[in-house]
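Before any comments, here is the structure.
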Amino acid sequence: MAEELKLNNPDELEDWLKDKPAAWSQIIAFRSALRVLPALGDLTNPPQVGPKLNRDKNLIIVAFRSNLLSSALHTHQADRIISAAADDAADATYRAVNSAVGNVAGAMQAAAGAVTAAGCAAAASAAAHDDDVEVARNCATQTVGSATYAAADAAYEDNDDYKDDDGVRRLWLSISLDALWLELHKEFPSPKRSALLARQPLWHGNAPKRLQAKWHHLANSELATRHRFECWIRWYEALSPFDATTTPRDAFGEALTRRIATQSNVWWKRPAEEINTDIARWLAEEQTVPSPPPTDDLSIQLTEALDALPGQQPAPYQFDWRDGRMVVLPPDALPEDGGLAQDFLDETREKAGGLFERLERTNTDPDIRRKIGKLLDVLTERVTDLRPALVKSRSLSITALADAHNTPQDERELSAGVLADLIDLDLTAKELCASLPDLARQDIERLVDAMASVEDAETARSGLDAIRRGAEEAELLGPDARAALAGLSEDAAEPAVPALKKRRVALLMATVRNLLLKALRVPGMAVKATAGALWRFMKDSGKEFRGLLVKGTAYSLLVAAGTAPLYFVATQTEAISVVARYAEGFKDIEQILKLAGRLRTPPE
């Protein structure tokens, strides 16, 4: 009986597929590869550098490419060009895994299994397009074998949170249910049956916790942010929901999927950040501003807007959830030995520390010593712990001091020795800054350019500071996140020349946006539940208790329910609108709140 179908290993699947069409092998392989793709998260923990970083970026790119080609071949109008591209993707995947396998050990082998599964699934898709039943079946069997290997990873075996999280059993239960679904829906022809299965939830129940944790590591990693993998993260999360109620969808759409899929091998061999920059630009080109939707469609618009929110962007700080509080993610990885950067860091620390102590024994303007002290605060012992954006921001203050006092009329305010030391510190700090990566340069410069004057910067700063205080009052911030935001806010509030003032506000702006993006992604809460909570909070926005809720027992209920971060975002509607005048990145958040406020009934 079909209702009793249960598959437990690749051999049993191969036997079951022997009299089945190639399209069935294709869809089983594709969905199996998608399920274990989160194992790529192992490549980002701990952060990789140098040749290992290049290897891991390559593995991630080829895995996404192969899965995209598999998706294109059964979801959209496929042709021989895409079929050939799928073959190319499979070959590239095998080469990448073979070149890395000797250097991949321990938990990293699960990631290699996920990459191999993606390549085998692409090969199965190409074979199915050519109606080669035997090759498609063999590739599907190899796919589930690699997927099983990835799901069997024991990286968390000593963690009580995962002791009952049997990834292999859950994987094969889902594969068996896919096979059963294909057998039961005989009213549809074989190819259409496979396409319809692609629209069904990927997992029976929720995805295994440890696979969700691995994906969380990847989506929030420095590697993903630095090399612009946000577009792929959005694509995967839309196509592969972790719950059993959300319908999979293609976030790229047919036209963009085809455009990416048919790029040449030369295009795909470029650095990951260049590939991802192209895709992000193409995605932005396709997203036009829609006309106001009919009232009946607001619910769909709200859930889609939440679903389309990007990941955190390059900024001085990024955030994660831990024990109900936001904490600061580790800084972007630099080489362990630091190279020249470590040498310049050591020299800058020595010169800044010496001048700081020397000024304590003089009658020099205390503001000079205070600003040198603020630079020292961000000069960590190891270059791997530095936050480049903060170092550069604090160094600009030293440059401004040196320029202000290195004039004939001002030389008498500082002794010749102190002035020489200040100029020397400025030059060394500049060398340090030049040796550090400028991950957020373009994004920060766009924010700076959007503020036409110091007055604009002050207006934006007032809105940003209101959001920061709101997060503190809502008790969402852990000690390190509170200190990080307070430091940026203090820097932005200081009097400074216009260029420096706007840059400091821009740094605060980029960081606060990351805070809001993280608040809108409550751990374990589906998009529909998020939309419902926002609707409820926006509906009550005019009630008197709103401003007092944080202090009362009602807020404790929100904390217990996990919706306190969404309440916090809803309370910041006015401040978010102020900042959105100058920052495009705040407008998508503003639009979400507007949609939630316009809904008359809960989102469905």
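Distant-in-sequence amide contacts of F319, defined by a placed amide H-H separation under 5 Å and a gap of 5 or more residues or a different chain, comprise L329. Counted by Cβ distance under 13 Å from M451, the other residues give a net charge of +1, where Lys and Arg count +1 and Asp and Glu count -1. Checking the Cα-Cα distances for K371/K502; K57/K502; K518/K539; K57/K501; K214/K501; K6/K57 against a 28 Å cut-off, the pairs over it are K57/K502; K57/K501; K214/K501; K6/K57. In terms of the mean number of neighbouring beta-carbon atoms within 10 Å, the peptides 309-319, 274-284 order highest first as 309-319, 274-284. Peptides 350-363, 134-147, 116-129 ordered by packing proxy, namely the average of other Cβ atoms within 10 Å per residue, highest first: 116-129, 134-147, 350-363.
Stretching the chain fully between E455 and S415 yields a gain of 10.8 nm (0.36 nm per residue, less the alpha carbon separation). Our coupling estimate for the range 173-183, obtained by passing each phi through the Karplus curve with A = 6.51, B = -1.76, C = 1.60 and θ = phi - 60°, is 4, 5, 4, 4, 5, 4, 4, 5, 4, 5, 6 Hz, Gly and Pro reported as x. Per-peptide packing, taken as the mean over residues of other Cβ atoms within 10 Å, places 529-538, 12-21, 25-34, 80-89 in the sequence 25-34, 529-538, 80-89, 12-21 from highest down.
Any read-out appearing in this document is the output of simple, stated calculations on the displayed coordinates, not a laboratory observation. Here the structure is a predicted model, which is why all the values come from computation and not from measurement. Methodologically, a virtual Cβ is constructed for each residue, glycine included, from the backbone with ideal geometry; neighbour enumeration extends over all protein chains shown.
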